[in-house]
Amino acid sequence: MQKKSFDFWVGLFVLLGAAALLFLALKAGNLSSFSLDKTYEVVTRFDNIGGLKPRAAVKSAGVVVGRVSEIRFDDKTFQATVILQLDTRYKFPKDTSAKILTAGLLGEQYIGLEAGGDTNNLVAGDRIKMTQSAVVLENLISQFLFSKAADSSEQKK
């Protein structure tokens, strides 16, 4: 009788461990936010998306209002086309702007939406025209170093 009780507790422990590993795998793959809510598709274009990935969050005022569904490269405009799936319960004006932001200093990237003042709302298939690309840390560092080098060369004159 004691062996069966022991086997039960070991089995329960193994199942809990497997469930924890599954939860961590879904969290790491950004799939734990899977939702069956109705969505509508909006298209944006960016010059540089940095490290943005599909399934990244789309936030407005800190609230997740959708997800990035697809990222493509347009070889005619040489821009990244990002397709957003926004929850139908959230309506945004047609003059809404989108920018790529980073959670923390080196965190994951997401798209931030800022609502405009238009009276008409975005509908499925619309395009957000006002976009701001990702800030790439390497570009900022190189600009800083270049400006410091230019300042030091001017001081030598």
Legend entry - Helix axis angle, 2-28 relative to the chain longest principal axis, alpha carbon, degrees: 10
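Give me the percent of the accessible area of the chain that comes from carbon and sulfur atoms, probe 1.4 Å, all protein chains in place. Mind dumping the intermediate values first?
On the way: 6790 of 11070 Å².
Whole-percent figure for carbon plus sulfur exposure: 61.
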Legend entry - Fluctuation leader among Tyr110, Tyr40, Tyr90 - the chain, Gaussian network, Cα springs under 10 angstrom: Tyr90
Inset, instruction - Quickly estimate the mean residue ellipticity at 222 nm for the chain, helices only: each DSSP H run with n ≥ 4 gives -39500 (n - 2.57), and the total goes over all residues, rounded to 500. - result: -10500 deg cm²/dmol
Inset, instruction - Mind pulling the angle between the C-alpha long axis of helix 137-156 and the longest principal axis of the chain? Nearest 10 degrees, somewhere in 0 to 90. - result: 40
Inset, instruction - Please build a GNM for the chain, connecting alpha carbons under 10 Å apart, and tell me which residue among Leu26, Leu106, Leu12 fluctuates the most. - result: Leu12
Inset, instruction - Rank Gly11, Gly125, Gly117 by mean-square fluctuation in a GNM of the chain with C-alpha springs under 10 angstrom and give only the top-ranked residue. - result: Gly11
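Where only protein heavy atoms count, and the probe is 1.4 Å, what is the accessible area per residue for the chain in Å²? Don't skip to the answer; put the middle values down first.
Values: 11070 Å² over 157 residues.
Ligands and nucleic acids excluded, the result is 71 Å² per residue.
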Legend entry - Using θ = phi - 60° and Karplus 6.51 cos²θ - 1.76 cosθ + 1.60, couplings along the stretch 40-49 (whole Hz; Gly, Pro as x): 10, 9, 10, 10, 10, 10, 10, 6, 8, 9
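The values are calculated or read from the model by the stated rules, or taken from the named source; none is laboratory data. Remember, predicted model here, so these are calculated numbers, not experimental data. Accessible surface areas use protein heavy atoms only, side chains included; no ligands, DNA or RNA. Shrake-Rupley method; radii C 1.70, N 1.55, O 1.52, S 1.80 Å.
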